[in-house]
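> My structure is below; once you've seen it, I'll send some questions.
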Amino acid sequence: MNGGIRKVLSWTRMLTEFVLVCSYSLSVELSKTIFHIVVPRKCKDIKGETVLVTGAARGIGRELALKLSTLGCHVICVDINAEGIMRTAQDIVKMGHKAQAYTCDVTDNTAVEELAKKVGYVDILVNNAGLLYFDPILNTPPSSVSKVLETNVASHFLMIRNFLPGMLERNKGHIVAIASCCGLIALANVTLYTSSKYAVVGLMGSLTEELKLLGRSNIKTTCVCPYLVRTIPEIDSEVDARIPPLEAVDAAREIVKGILQERGMFTVPNYLRSVITTYSLLPDNTSSRLKDVIYTRIKHGVM
Ligand SMILES: NC(=O)c1ccc[n+]([C@@H]2O[C@H](COP(=O)([O-])OP(=O)(O)OC[C@H]3O[C@@H](n4cnc5c(N)ncnc54)[C@H](O)[C@@H]3O)[C@@H](O)[C@H]2O)c1
């Protein structure tokens with residue numbers, strides 16, 4: 001058989017396999033989606049488990065810590081803001097639940113190693129700490145580039161490097177990343193933040209594949225992509241968006257639900273994933289027109 005025919009056969013085989021796997025997976029997923037409209041997805045019980053949340057001093061992280069604590073787990077609250085993190089842990093304890101506060105800069109490898117030694121095993125690691133950074137590319141100084149990428153991406157590597165070994169040892173665990181819809185769709189005046197969130201989505205996808213290759217399906221991964229959440233006043237004053245921002249408490253409730261259902265990747269609100277998938281399937285001109293219909297415009301240099 002000559003090389004040309006072999007190439008054609010190999011491509012035909014790959015295309016056939018691709019179409020078969022796609023049709024099979026899509027029909028399974030579609031049936032599951034329809035089934036779960038009637039029967040809610042099963043949620044795991046995390047009572048008695050240890051859950052670590054970074055960036056828990058305020059915003060989404062604080063709401064996640066409060067909500068998770070009500071499910072009977074022991075919440076390890078971590079943040080660079082010492083006063084804020086004490087407040088979150090105290091509020092949880094006042095509600096009659098279990099929490100501990102640790103002040104830690106998640107971009108500092110030594111600090112993260114010390115944290116891991118003090119905390120020990122965690123069942124669920126929620127990498128939430130992040131910096132919201134909106135600015136046009138030419139207003140973005142190199143110092144901000146390193147700070148945002150270190151906080152929003154590199155910190156996930158440090159946390160995973162220090163907490164995944166314990167999960168592998170026990171063959172049990174769950175790693176959650178709070179990415180953003182900005183990690184799925186590109187908007188203007190937010191290049192640095194968008195780069196960091198695309199990186200987190202990629203990191204989580206690759207980590208999932210790595211765990212699969214290791215045969216560690218007991219260690220779950222979840223990548224959450226929330227839409228705008230009202231955690232800072234500028235979200236209202238400086239962002240012009242057709243879909244109104246969410247409240248942190250509502251976003252946290254949806255995030256916790258997705259974690260308990262061990263979903264691999266989801267947006268908050270849920271329906272945005274379909275909108276974003278539609279964008280990506282359309283040709284450039286059409287998708288950009290669709291972006292003009294469901295717009296989120298970040299004003300010039302607001303933060
Ligand atoms: N607010 C939104 O519109 C929105 C939307 C999608 C995704 N997100 C993501 O959700 C996460 C939380 O966002 P938020 O709006 O609650 O932010 P926030 O600014 O209200 O809270 C972030 C927390 O992270 C902490 N933090 C920052 N750097 C840290 C470091 N180096 N070490 C330890 N802690 C550190 C801060 O002290 C703060 O308590 C972020 O990753 C953000 O990118 C936010």
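> Does at least one position in region 128-141 carry a residue that is under 22 Å from residue 172 (Cα atoms) and either of a type in the set (Lys, Arg) or at pLDDT 95 or above (or both)?
Yes, because at least one residue in region 128-141 is under 22 Å from residue 172 (Cα atoms) and either of a type in the set (Lys, Arg) or at pLDDT 95 or above (or both).
> Checking residue 159 against (1) in contact with a Gly (Cβ under 8 Å, 6 or more places away or on another chain); (2) in contact (Cβ under 8 Å) with a residue 60 or more places away in the chain: exactly one of these is not met. Which one?
For residue 159, the exception is condition (1).
> For region 157-268, which helices (runs of 4 or more DSSP H) that fit wholly inside it have 1 or more residues that are crowded, with 19+ Cβ neighbours inside 10 Å, more than 13 Å from the ligand (Cβ to nearest atom) and not polar (S, T, N, Q)?
In region 157-268, 191-213, 248-260 are the helices (runs of 4 or more DSSP H) which contain 1 or more residues that are crowded, with 19+ Cβ neighbours inside 10 Å, more than 13 Å from the ligand (Cβ to nearest atom) and not polar (S, T, N, Q).
> For region 199-213, check the following and say yes or no: at least one residue is without any contact (Cβ under 8 Å) to a residue 24 or more places away in the chain and of a type in the set (Asp, Glu).
The answer is yes; a qualifying residue exists.
> Are any of the residues in region 38-46 loosely packed, with under 10 Cβ neighbours inside 10 Å and part of a helix (DSSP H, G or I)?
Yes: region 38-46 contains one or more residues that are loosely packed, with under 10 Cβ neighbours inside 10 Å and part of a helix (DSSP H, G or I).
> When you check residue 95 against the structure, is it more than 20 Å from the chain's Cα centre (by Cα), under 18 Å from residue 118 (Cβ atoms) and of a type in the set (A, V, I, L, M, F, W, C), yes or no?
No, not satisfied.
> Could we say that residue 4 is among the small types (Gly, Ala, Ser), within 20 Å of the chain's Cα centre (by Cα) and part of a helix (DSSP H, G or I) here?
No; evaluated as a whole, the condition is false for this residue.
The values are calculated or read from the model by the stated rules, or taken from the named source; none is laboratory data. Nothing here was measured: the structure is a model prediction, and the numbers come from that model. Counting neighbours? That spans all protein chains shown, and the Cβs are built from the backbone with ideal geometry, glycine included.
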